[in-house]
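So the structure is just underneath, and the comments pick up after that.
The values are calculated or read from the model by the stated rules, or taken from the named source; none is laboratory data. Since the structure is predicted, the reported quantities are computational estimates derived from the model, not experimental observations. Cβ placement follows ideal geometry from the backbone for every residue including glycine, while neighbour counts extend to all protein chains displayed.
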Amino acid sequence: MSKCKLPVDVVVAITYKCNARCSMCSIWQIKDHQEIPAQTYLKLPATLKDINISGGEPFMRADIVEVVKNIKTACPNARYVISSNGLAPVLIQQKIIEILKIEPNVGVAISLDGIGQIHDQVRGIPGAYEKVLQTVEILKKAGVKYIKLAYTLTNDNLEEMTKVFNLSKKLNVDFTMAAMQNSDVYFGNKENKLHQDPQKLKQAFYYVIKKQLQSWHPKQWGRAFFTFGLYQFIIGKGRKLPPEAGNQHFFLDPHGVIYPSVVDNQNMGSLALASSFEQIWCSVKNNTLRKELKNGLAKPSWMICTARSAIKKHPFFVGGWILKNKIKFSL
């Protein structure tokens, strides 16, 4: 093994159990619910700074509290966000109280793809919208400091983007977004392709970008850059920054298999079988894979999980874009 830099960002899918029936994802159809033991997460590298605990629906994993505890032990300096569909308010209330004792600064991202019936249709669950609102209130009362609404653009909810953004401001929570993607290792291998009216698409994205740039919070300016990058990617102009899949970032599935990202299907090794994370990450095979990913093997995508580390790696480029566009969007 040769020396290599360990990653700083990860999406950890702790279960594929799911109580939603989303139109853009078929994880809920997966029958194999094998999950690595909670103690396996103690092998994660201490270099990690941003950890997204995901699923399926992560709160459906019975030992989620122990999982979070072990991840916190392995990665004491990381920022934690749990991504949830918010469809089990009572269960989430029970678990989040225990999780806050382990990590008081944990954030929770709740999926919301539209207002009322539109969200119910996208998520395939009647009453899903009301459950999301109930979950947000539960999280606030429990003392969760960082809550965000996570909107996913599909072919059925473009007009809901600005509505969800405005609702996030009304509820005094953050807003993040994504677009439906294709993946051999995530989303249940669902084939997705966006079809949107170009003018309506631009109008919706530019509304959000303008609002984010008008904020007094620098974090929102970075979000504006990400949002613009997502728009550029959707209309076929590629990534604003080089990918960090398999380099600064990786995806860990519930079986313990490490992949470069949620859309890159190269099996880098099993955390469950390895004696350490470094044994996998710093192997000759994966050092070669990183070079191949950098040189074009990485699957085209623009997601916050892989873009976040790239944004931090290129502060001057991002800062220049922010300065230029704060002036542009203020006119």
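Here are the numbers:
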item	result
Any pair with Cβ under 6 angstrom, 6 or more apart, that starts in the stretch 2-16 at a residue that is over 13 Å from His249 (Cα atoms) and ends at one that is modelled with pLDDT under 95 and among the β-branched types (Val, Ile, Thr)	Tyr16/Ile27; Tyr16/Ile30
Output for the stretch 47-82, where each listed residue is assigned to a loop (DSSP other than H, G, I, E, B), more than 21 Å from Ser261 (Cβ to Cβ) and touching a helix residue (DSSP H, G or I) at 6+ places or on another chain (Cβ under 7 Å)	Arg61, Asp63
Hits in the stretch 93-119 - residues which are among the hydrophobic types (A, V, I, L, M, F, W, C) and within 28 Å of Ser309 (Cβ to Cβ)	Ile96, Ile99, Leu100, Ile102, Val106, Val108, Ala109, Ile110, Leu112
Close pairs (9 angstrom Cβ cut-off, 6 or more residues apart or separate chains): under 20 Å from Gln29 (Cα atoms) and touching a residue at least 40 places away in the same chain (Cβ under 8 Å) in the stretch 112-132, assigned to a helix (DSSP H, G or I) and among the hydroxyl-bearing types (Ser, Thr, Tyr) anywhere	His119/Tyr129; Arg123/Tyr129
So Ile115, is it over 17 Å from Pro58 (Cβ atoms) and not basic (Lys, Arg)	yes
Helices (runs of 4 or more DSSP H) within the stretch 200-312 that include 1 or more residues small (Gly, Ala, Ser)	218-234
Residue list for the stretch 279-331, restricted to those being over 19 Å from Tyr231 (Cβ atoms), of a type in the set (Val, Ile, Thr) and touching a strand residue (DSSP E or B) at 6+ places or on another chain (Cβ under 7 Å)	Ile280
Total residues in the stretch 36-46, condition touching a helix residue (DSSP H, G or I) at 6+ places or on another chain (Cβ under 7 Å), surrounded by 16 or more Cβ atoms within 10 Å (Cβ to Cβ) and within 29 Å of Ala310 (Cβ to Cβ)	4
Failed condition for Ile110, given (1) touching a Phe, Trp or Tyr at 6+ places or on another chain (Cβ under 9 Å); (2) under 19 Å from Thr227 (Cβ atoms); (3) at pLDDT 95 or above; (4) not charged (D, E, K, R)	(1)
Filter result (surrounded by 19 or more Cβ atoms within 10 Å (Cβ to Cβ) and of a type in the set (S, T, N, Q)) within the stretch 63-79	Asn70
Residues that are part of a loop (DSSP other than H, G, I, E, B), surrounded by 20 or more Cβ atoms within 10 Å (Cβ to Cβ) and at pLDDT 90 or above, drawn from the stretch 9-35	Ile14, Thr15, Tyr16, Cys18, Glu35
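Every residue, every condition in (1) surrounded by 13 or more Cβ atoms within 10 Å (Cβ to Cβ); (2) within 22 Å of Val68 (Cα to Cα); (3) hydroxyl-bearing (Ser, Thr, Tyr), yes or no:
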| position | (1), (2), (3) |
| --- | --- |
| Ile97 | yes, yes, no |
| Ala109 | yes, yes, no |
| Ile115 | yes, no, no |
| Val122 | yes, no, no |
| Pro126 | no, no, no |
| Val132 | yes, no, no |
| Lys145 | no, yes, no |
